[in-house]
Amino acid sequence: MSKIFETPLYPYQRSRDQDALHLVRHPVVIIGAGPIGLGAAIDLAQHGVPVVVVDDNDKVSFGSRAICFAKRALEITDRLGCGDALVDKGVLWDTGKVFFDTREIFNFDLMPDKGHHRPAFINLQQYYFEEYLLSRLRELQAEGKPIDLRGKNKVSAIGKHDDHVTLEIDTPEGPYNIDADWVIACDGANSPTRRMLGLDFIGRVFEDNFLIADTIMEADFPSERWFWFDPPFNRGQSALLHKQPDNVWRIDLQLGWDVDKEKEMKPENVIPRLKAMLGEDAKFELEWVSIYTFQCRRMEAFRHGRVLFAGDAAHQVSPFGARGANSGLQDTDNLAWKLQLVMAGLAPDSLLDTYNQERVYGADENILNSSRSTDFITPKSDTSRIFRDAVLDLAEVYPFARPLVNSGRLSVPCTYDGSTLNGPDAVELPVNLRPGSTALDAPLKASWLLERLGDKFQLLAIGVDIPDGLEDGGIAIESLRIDASESPEFARRYLGGARQAVYLMRPDQHVAARWTSFDKDAVIAALRTATGRG
């Protein structure tokens, strides 16, 4: 059992701002030191942007909370510099099994297309995820990167202005004020920042409750995701089982809507439920118990002047599908490079409006799939339940019915179709790498493709001569040449049936534009479009 969530990892220390004679102004203040806030801080610091992170806590989160981290989130943490630590600690899995009553009706492989550096998913307790991000943050501090992490610093008031934001911060030694050019609110689903600004969510709250029990036990279950509909140990409801490191098993049990939450969380009520599932002789210890309600909601806009919202502070989805923390990391992956360009005067302020455009689009996609999954898991009428059970029966025999279960997928990265930052497309190239798409990894001779992409604009050339030193308006484009003969997987993913290609890649590893030949003027025009200067 891990005790890291009991030990202060960023204890309160008096800052120079508290003794300053005049109000201190910082370039960026991040509110919240969970996975999303820490990810944003690391990303910005690696872009050279000074960051202050404030949190009313001084340690990592209690309980495993988010546990499923998808391939795209792991690729983002690779770029942040801590992917190896996460994967080495996590439980790797790519197989999911679906049960109806006592029988397995089908299973699925989340990554049938092999040849990727990272697995489809790892299971890892959120407190470990935060610990490794904190370790990376400390490494950057030791290298002189401008990150200031302040524990026991609680934002109690916020004031918006045209060119800055004022924050009042409470500490064990009393309050103080600071100004910030920009604020990123990563303070969770109950975001005090959102409330202080009088903002709210739009969307649905589903009428059901689920019990989460993190259970320490020795068990020989495989490292797979098991989901039950109407199991004998939880009749009329559903259940989920996941393996985590340190012999911790996440068990989710559907309870129904009209329950006494405090009563259901008591060990004397939780333990009989787990024994009904695991067997009367099962030996286990409860590490953490919680009850949650499905919510599929978001803010109407993620940008409010100089305050930007990310992660659960901006949007919420049901846990089934692993779309919460994973989509939050995609938020910061989208935001950091844009904010850096705007702050450096290399892109207009309106570039940050595309953070709102693209990530609201991503949130809506996640909410759509999450809502479909939730409606399927928790039918609200006899007719809906009959339909669901019929689909499950069909799915046992007929593959066409399986996508109706959990919308046919778990967390995947969003393709920003329709984004104003997208440039030209060469339709001869594979459709799943059209502008707006996330780059697909592939093995190369001595590395992986994604190890060579990211943090800057790059021109990826395959079988085409391109020059070095392309630049426009102070924004450089790095030239990256890869021989398709190095890797059949790379050639198949990036060329399809074409003989050559040129891809303009964004700093967040999304495709900005692509062609089958090189034209300098076209590339510069696409760069201007991708930076909001077109």
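The values are calculated or read from the model by the stated rules, or taken from the named source; none is laboratory data. Not measured: the values here are computed from a predicted model. Positions of Cβ are backbone-derived with ideal geometry, glycine not excepted, and every protein chain shown enters the neighbour counts.
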**OP:** Could you pull out the residue among Ala301, Ala276 that is surrounded by fewer than 21 Cβ atoms within 10 Å (Cβ to Cβ), out of contact with any strand residue (DSSP E or B) (no Cβ under 8 Å at 6 or more places or on another chain) and under 30 Å from Asn356 (Cα atoms)?
**Re:** Ala301
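Yes/no matrix, rows are residues, columns are (1) surrounded by fewer than 16 Cβ atoms within 10 Å (Cβ to Cβ); (2) hydrophobic (A, V, I, L, M, F, W, C); (3) over 20 Å from Phe129 (Cβ atoms):
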{"site": "Asp17", "(1), (2), (3)": "no, no, yes"}
{"site": "Val52", "(1), (2), (3)": "no, yes, yes"}
{"site": "Lys71", "(1), (2), (3)": "no, no, no"}
{"site": "Val98", "(1), (2), (3)": "no, yes, yes"}
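Okay, residues lined up against (1) crowded, with 16+ Cβ neighbours inside 10 Å; (2) of a type in the set (Phe, Trp, Tyr); (3) free of Cβ contacts under 8 Å to residues at least 12 places away in the same chain:
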site	(1), (2), (3)
Thr415	yes, no, no
Asp425	yes, no, no
Glu428	no, no, no
Ala442	yes, no, no
Trp448	yes, yes, no
Leu480	yes, no, no
**OP:** Just name the residue that is surrounded by the fewest Cβ atoms within 10 Å (Cβ to Cβ) out of those in the stretch 187-208 that are aliphatic (A, V, I, L, M) and assigned to a strand (DSSP E or B).
**Re:** Ile202
Original post:
Does Asn334 count as in contact (Cβ under 8 Å) with a residue 12 or more places away in the chain, of a type outside the set (Val, Ile, Thr) and in a helix (DSSP H, G or I)?
Top reply: yes
Original post:
Would the stretch 341-354 turn up any residue that is buried (at least 20 other Cβ atoms within 10 Å of the Cβ) and under 16 Å from the mean Cα position of the chain (by Cα)?
Top reply: no
Original post:
part of a strand (DSSP E or B), in contact with a strand residue (DSSP E or B) (Cβ under 9 Å, 6 or more places away or on another chain) and more than 30 Å from Gly96 (Cα to Cα), is that true of Ile184?
Top reply: yes
**OP:** Looking for whichever is of a type in the set (D, E, K, R), out of contact with any Leu (no Cβ under 6 Å at 6 or more places or on another chain) and within 17 Å of Arg306 (Cα to Cα) here; the options are Asp170, Asp179, Asp187, Asp148. Which one fits?
**Re:** Asp187
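One line per residue, one yes/no per condition, for (1) in a helix (DSSP H, G or I); (2) in contact (Cβ under 8 Å) with a residue 24 or more places away in the chain; (3) buried (at least 24 other Cβ atoms within 10 Å of the Cβ):
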position	(1), (2), (3)
Gln13	no, yes, no
Ala40	yes, yes, yes
Val49	no, yes, no
Phe62	no, yes, no
Arg79	yes, yes, no
Asp84	yes, no, no
Asp88	yes, no, no
Original post:
Among (1) under 30 Å from Glu75 (Cβ atoms); (2) part of a loop (DSSP other than H, G, I, E, B); (3) among the hydrophobic types (A, V, I, L, M, F, W, C), where does Leu329 come up short?
Top reply: (2)
Original post:
Limited to the stretch 230-249, what total is found for residues that are closer than 21 Å to Phe100 by Cα, surrounded by 13 or more Cβ atoms within 10 Å (Cβ to Cβ) and out of contact with any Ser or Thr (no Cβ under 6 Å at 6 or more places or on another chain)?
Top reply: 10
Subject >> Conditions (1) under 20 Å from Gly34 (Cα atoms); (2) not assigned by TED's automatic domain parsing to the domain that holds Leu74; (3) not charged (D, E, K, R): number failed by Asn107 >> reply: (1)
Subject >> Filtered residues of the stretch 428-443 (kept if hydrophobic (A, V, I, L, M, F, W, C) and either modelled with pLDDT under 95 or not in a loop (DSSP other than H, G, I, E, B) (or both)) >> reply: Val431, Leu433
**OP:** Go through the stretch 506-534 and count every residue that is touching a strand residue (DSSP E or B) at 6+ places or on another chain (Cβ under 8 Å) and closer than 13 Å to Ile475 by Cβ.
**Re:** 11
Original post:
Of everything in the stretch 485-510 that's of a type in the set (Lys, Arg) and outside any loop (DSSP other than H, G, I, E, B), which residue is nearest to Thr529 (Cα to Cα)?
Top reply: Arg493
Subject >> Answer residue from the stretch 124-156, given it is free of Cβ contacts under 8 Å to residues at least 60 places away in the same chain and either among the aliphatic types (A, V, I, L, M) or touching a helix residue (DSSP H, G or I) at 6+ places or on another chain (Cβ under 6 Å) (or both) and is surrounded by the fewest Cβ atoms within 10 Å (Cβ to Cβ) among those >> reply: Ala142
Original post:
Of the residues in the stretch 282-296, how many are surrounded by fewer than 18 Cβ atoms within 10 Å (Cβ to Cβ) and under 16 Å from the mean Cα position of the chain (by Cα)?
Top reply: 0
Original post:
Just for the stretch 460-472: of the residues that are surrounded by 13 or more Cβ atoms within 10 Å (Cβ to Cβ) and touching a residue at least 40 places away in the same chain (Cβ under 8 Å), which one is nearest to Thr531 (Cα to Cα)?
Top reply: Asp472
Original post:
For the stretch 202-218, what are the residues that are small (Gly, Ala, Ser) and at pLDDT below 90?
Top reply: Gly203
**OP:** Any chance you could count how many residues in the stretch 255-287 are touching a residue at least 40 places away in the same chain (Cβ under 8 Å) and acidic (Asp, Glu)?
**Re:** 3
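Conditions tested, residue by residue: (1) modelled with pLDDT under 95; (2) assigned to a loop (DSSP other than H, G, I, E, B); (3) charged (D, E, K, R); (4) within 26 Å of Asp246 (Cα to Cα).
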residue: Leu23; (1), (2), (3), (4): no, yes, no, no
residue: Val28; (1), (2), (3), (4): no, no, no, no
residue: Asp56; (1), (2), (3), (4): no, yes, yes, no
residue: Arg65; (1), (2), (3), (4): yes, yes, yes, yes
residue: Leu74; (1), (2), (3), (4): no, no, no, yes
Subject >> Those residues of the stretch 374-390 which are within 16 Å of Ile105 (Cβ to Cβ) and surrounded by 18 or more Cβ atoms within 10 Å (Cβ to Cβ), in sequence order >> reply: Phe376, Ile377, Arg388
